[in-house]
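Participant: Following this message is one structure expressed as structure tokens.
Every number in this text was worked out from the coordinates using simple rules, so none of it is lab data. Just so it is clear, the structure is predicted and the values come from calculations on it, not from any experiment. Every residue, glycine among them, receives a Cβ derived from its backbone with ideal geometry; neighbour counts consider all protein chains shown.
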Amino acid sequence: MTTREKSWLHKAASNGTPLPLKRLLGATFAGFQKHLLRFNRSLFFSNDLRMRIYRWLGIKADKHSIIWCGAHINHPKLIQIGENSIVGPRTVMLSQGGIVIGKNVNISGFSFIISQEHNVSSPSLETTLATVKIDDFAWLATNVTILPGVHVGKGALVAAGAVVTKDVPPHTVVGGNPARKIGMRAETFSYSTKDDKGLKWL
């Protein structure tokens, strides 16, 4: 994964800047980022421009990775996406706890990847965070929900509509709510999710 330099607003708010100005600059950047995220998820005519904006906002996306239009993202800097991976249309990524996606991963549309939740046992209903990891060649079919802290292993497949509450071992097929093992996939893979037309992997 590549690392990004801080934006000019972050640099301006570095040591030596008065605290009220730091707060103003921070609030300005946060507001701008929020509106840019909303604009970018509607940017349907150019995958390249959309990904350039996402990278500028802090998503660590390797080459040929695509987030299709309609995605809802709250913390772009806490998302990593490996080479050739596809995130389908209108997928929700609540990434405050971190989301790490490997290479050649296919996440079909209308899915939910959640790395944050409320602690129902807490009097203050505090937010708890747990990183979601999705390894190389995993496939999440349409309308899947991945809950905080889940690790989807290499080559695993999550069937459409499944709710994943526990780790999925490599090459395992799971489905249902809560998701349970229903089969196995191949041990090795020779395909790449990269498709120049952008139609094969949705």
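Participant: I'd like the FRET efficiency for residue 181 and residue 120, computed as 1/(1 + (r/R0)^6) with the beta carbon distance as r and R0 of 25 Å, rounded to 0.05.
Facilitator: 0.35
Participant: Of 77/154; 166/194; 63/166; 60/181; 133/154; 60/103, which pairs sit farther than 22 Å apart, going by alpha carbon to alpha carbon?
Facilitator: Distance filter (> 22 Å) returns 77/154; 166/194; 63/166; 60/181.
Participant: Using a 10 Å cut-off on Cβ atoms, rank the peptides 136-148, 52-64 from the highest mean neighbour count down.
Facilitator: Those peptides, ordered most packed to least, come out 136-148, 52-64.
Participant: Quick query: amide H of residue 168 versus all other amide H atoms, modeled in the peptide plane; which residues come in under 5 Å with a sequence gap of 5 or more or a different chain?
Facilitator: Amide H to amide H, under 5 Å and 5 or more residues apart or across chains, residue 168 pairs with 151, 152, 153.
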